[in-house]
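The values are calculated or read from the model by the stated rules, or taken from the named source; none is laboratory data. This is a predicted model, so every value here is computed, not measured. FYI the Cβ positions are ideal-geometry reconstructions off the backbone, even for glycines, and counts take in every protein chain you see.
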């Protein structure tokens with residue numbers, strides 16, 4: 001089973017909750033973005049994700065636009081080190097109010113900076129974030145439509161199975177489309 005994956009996940013999908021399960025790592029972006037200037041943190045963050053994924057981990061990263069763009073632009077490097085991705089996992093645009101409410105409740109339960117920033121980001125930028133994710137890399141995306149029924153563990157397993165199937169067929173993931181729109 002191929003664990004060498006990078007998955008860009010929208011805030012609140014369960015990246016931190018799944019960290020530690022079956023070689024999954026949540027590479028928390030706030031550690032990088034608070035301590036480095038903007039261009040430096042994106043580059044170091046993405047390089048760290050690639051390095052960890054090349055060692056056999058499934059690495060969850062943020063869906064910040066420059067992160068997604070840099071990882072997408074690094075396809076040759078990803079391929080060279082045996083890493084598949086970036087795959088995008090995020091809620092469908094129809095879940096806007098449900099998701100913002102979910103992030104607010106998360107912040108109210110645990111009032112840390114990470115949870116506040118996630119809530120604030122969704123409040124201020126939901127539409128543009130989801131439009132970007134919908135349009136940027138539709139061949140490697142999973143937009144789920146039911147906030148109550150989606151399961152990140154199952155989505156990761158589906159991505160791993162699809163990637164493994166592509167490898168067995170002698171293909172690289174960017175030679176064949178993987179697109180699952182969760183219902």
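Matching residues to (1) surrounded by fewer than 16 Cβ atoms within 10 Å (Cβ to Cβ); (2) closer than 18 Å to residue 28 by Cβ; (3) in contact with a helix residue (DSSP H, G or I) (Cβ under 9 Å, 6 or more places away or on another chain):
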| position | (1), (2), (3) |
| --- | --- |
| 63 | no, yes, yes |
| 73 | yes, no, no |
| 79 | yes, no, yes |
| 99 | no, no, yes |
remark   = Taking segment 1-50 and keeping residues assigned to a helix (DSSP H, G or I), at pLDDT 85 or above and under 29 Å from residue 101 (Cβ atoms) leaves 15, 16, 17, 18, 45
